[in-house]
1. Size of the dipole of region 304-438 about the Cα centre, Lys and Arg at +1 and Asp and Glu at -1 on the beta carbon, nothing else charged, in debye to 20?
2. How large is ³J(HN,Hα) for each residue in region 28-43, as worked out from phi by the Karplus curve 6.51 cos²θ - 1.76 cosθ + 1.60 (θ = phi - 60°), to whole Hz, x for Gly and Pro?
3. Which pairs, out of K294/K358; K123/K322; K299/K358, put more than 25 Å between their alpha-carbon atoms?
4. Near the amide H of A332, under 5 Å away, which other amide H atoms are found, from residues 5 or more places off or on another chain, if H is placed in the peptide plane?
5. In debye to the nearest 20, how big a dipole does the chain give about its Cα centre with +1 on each Lys and Arg Cβ and -1 on each Asp and Glu Cβ?
6. Put a dot 7 Å past each Cα toward the Cβ at R207 and V396; how far apart are the dots in nm?
7. Set the Förster radius R0 to 22 Å, insert the Cβ-Cβ distance between Q65 and T413 as r into 1/(1 + (r/R0)^6), and round the FRET efficiency to 0.05.
8. Would you mind counting up the charge near A68? Only other residues with Cβ under 11 Å from its Cβ, with Lys and Arg at +1 and Asp and Glu at -1.
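The values are calculated or read from the model by the stated rules, or taken from the named source; none is laboratory data. None of these values were measured; they are calculated from a predicted model. Positions of Cβ are generated from backbone atoms using ideal geometry, with glycine treated the same way; all protein chains shown enter the neighbour counts. Side chains are part of the model used for accessible areas, which takes the heavy atoms of the whole protein and leaves out ligands, DNA and RNA. Shrake-Rupley method; radii C 1.70, N 1.55, O 1.52, S 1.80 Å.
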Amino acid sequence: MRPTVAAACAALFVSAAMPAAAADPQSLPWNTIPVKKVTLFYPGESTYEWLLSPAHEKANVRVQQGRACTSCHDEEDTKELGDKLVKAGPLEPSPIAGKKGTIDLQVQAAHDAEYLYLRAQWKTQMNREGRMHDYVRFDGQKWQWYGHDRNNKNVRAGAEPPLYEDRFSIMLDDGKVARFAEHGCFVTCHNGMRDAPGQATAEAIKRNPLLGEAGMKTDEVRKYLPSTRHGPGWDQTRSAEDIAKLKAEGGFLDLMQWRAARSAPVGMADDGYVLEYRNFDAGKNPFSGNIDAKTMTPKFMFDPAKVGARALQARDIGDASKPAALVREANAVPYDPNAGWKEGDILPGRLLSRVDAKGSAADNDAVFGSWKDGTYTVVWRRKLATGNPDDKQMKVGGRYTVGIAVHDDNVTTRFHHVSFPLSLGIGVDADVRATTLR
Ligand code: HEC
């Protein structure tokens with residue numbers, strides 16, 4: 001079923017939504033485009049505060065001065081870092097048994113006058129895709145959340161299955177964010193965030209004037225840039241006015257994530273930016289909630305005429321012939337409370353729609369992932385210049401910095417693999433040089 005949905009979406013964009021100049025990223029001559037090999041390593045709890053502390057032996061002063069990570073950590077050392085940090089130690093208090101320390105990523109890039117095209121390939125640890133996320137299960141009486149990431153205590157205890165989406169993420173800067181060229185994603189990773197040392201309490205966050213009740217009304221600390229704080233510490237927040245000024249000056253990072261559950265089934269990636277928080281771009285994401293949190297009632301179920309059943313079962317996890325996502329315009333119908341639900345029925349807690357995705361949040365509308373024999377291949381198309389104020393604008397001949405991350409095998413937050421920063425050249429020399437298409 002799922003390939004049918006993806007193919008339908010692809011056909012849709014080829015016939016209608018695609019301007020004449022855009023190439024289909026699935027049919028570029030990738031085998032003629034150079035491959036850059038990148039080692040992604042498991043970073044454990046090496047937050048920016050740790051990297052700037054004396055615990056980062058003899059390196060903290062150099063990092064404070066702005067020395068690049070890769071001036072000391074070469075390729076071989078990067079592999080050692082990952083293999084060491086994935087095990088229990090000072091930077092990993094809660095290791096995941098058997099997890100790999102590194103991922104070998106292959107990256108290719110190309111461009112034409114209007115678009116950047118990327119292809120990324122990597123091997124997964126699990127022998128299947130991670131394309132289920134935020135599911136609910138009927139227990140005979142009511143619907144309950146079912147499955148979590150591998151760090152979840154119920155999953156660790158074996159009481160619930162590991163169910164979390166695989167992801168491929170790109171952070172992008174045009175030189176406006178201090179130290180991103182030298183330190184990459186690490187500038188966004190701080191103590192106080194979810195699953196990081198000193199994780200902030202919901203109460204403390206609610207009292208914060210920027211993040212809390214009086215401001216953004218969140219109860220989590222997410223990725224942020226040091227420029228949005230007036231001192232070290234997640235709670236040293238600057239005013240909303242200062243942050244709006246930083247944003248207008250371009251002092252933010254683009255952050256785009258291909259999500260195997262929440263965007264891939266509709267041929268998209270999400271689009272966000274990191275500034276005082278990990279924000280989504282203006283507009284509407286390809287995914288939204290499918291569960292009324294107050295009553296724990298689903299809003300949509302599978303269309304039995306198209307899927308063969310209203311719900312899935314635990315045995316369908318990992319069955320590639322079954323759809324894992326509810327796509328409003330493709331395989332979903334409104335939830336029927338009287339459909340004779342049985343214990344063990346499972347449904348996605350998210351609803352996807354390509355048709356409903358709008359605005360800057362829907363910029364990455366030609367991103368296709370496939371998984372075969374243990375390897376993902378993701379191809380991506382994005383406008384060099386989107387014209388949106390929450391995106392980084394690129395141009396032919398420009399050189400940018402990217403940081404890459406993969407969330408592999410049912411993990412979230414910091415349990416991912418990351419790259420040191422890489423330069424990206426649009427037709428010019430760089431770590432990753434986008435080949436000019438003719
Ligand atoms: C001046 C050289 C230098 C710079 C610059 C530097 N490091 Fe290090 N780093 C070291 C040394 C030396 C060690 C300790 C020896 C080791 O384990 O490799 C270390 C250790 C680490 C460790 C911990 C490994 C462990 O054994 O627990 C991490 C993670 C790390 N560095 C990441 C980074 C990142 C990310 C950057 C850039 C923000 C960076 N380093 C910049 C020299 C440097």
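1. Values: 19 positive and 16 negative charges, 92 e Å.
Computed charge dipole of region 304-438: roughly 440 debye.
2. Once θ is set to phi - 60°, the couplings for region 28-43 become 6, x, 4, 6, 9, 9, x, 9, 9, 8, 10, 8, 8, 10, 7, x Hz.
3. Result: K294/K358 exceed 25 Å.
4. Under 5 Å from the amide H of A332 lie the amide H atoms of D303, V327, each far enough along the sequence or on another chain.
5. Here the chain has a charge dipole of around 340 debye.
6. It works out to 5.7 nm between the two label points.
7. On the way: r = 29 Å, r/R0 = 1.33.
With a Förster radius of 22 Å, E is 0.15.
8. On the way: positive: R62, R67, R179; negative: E182.
The answer is +2.
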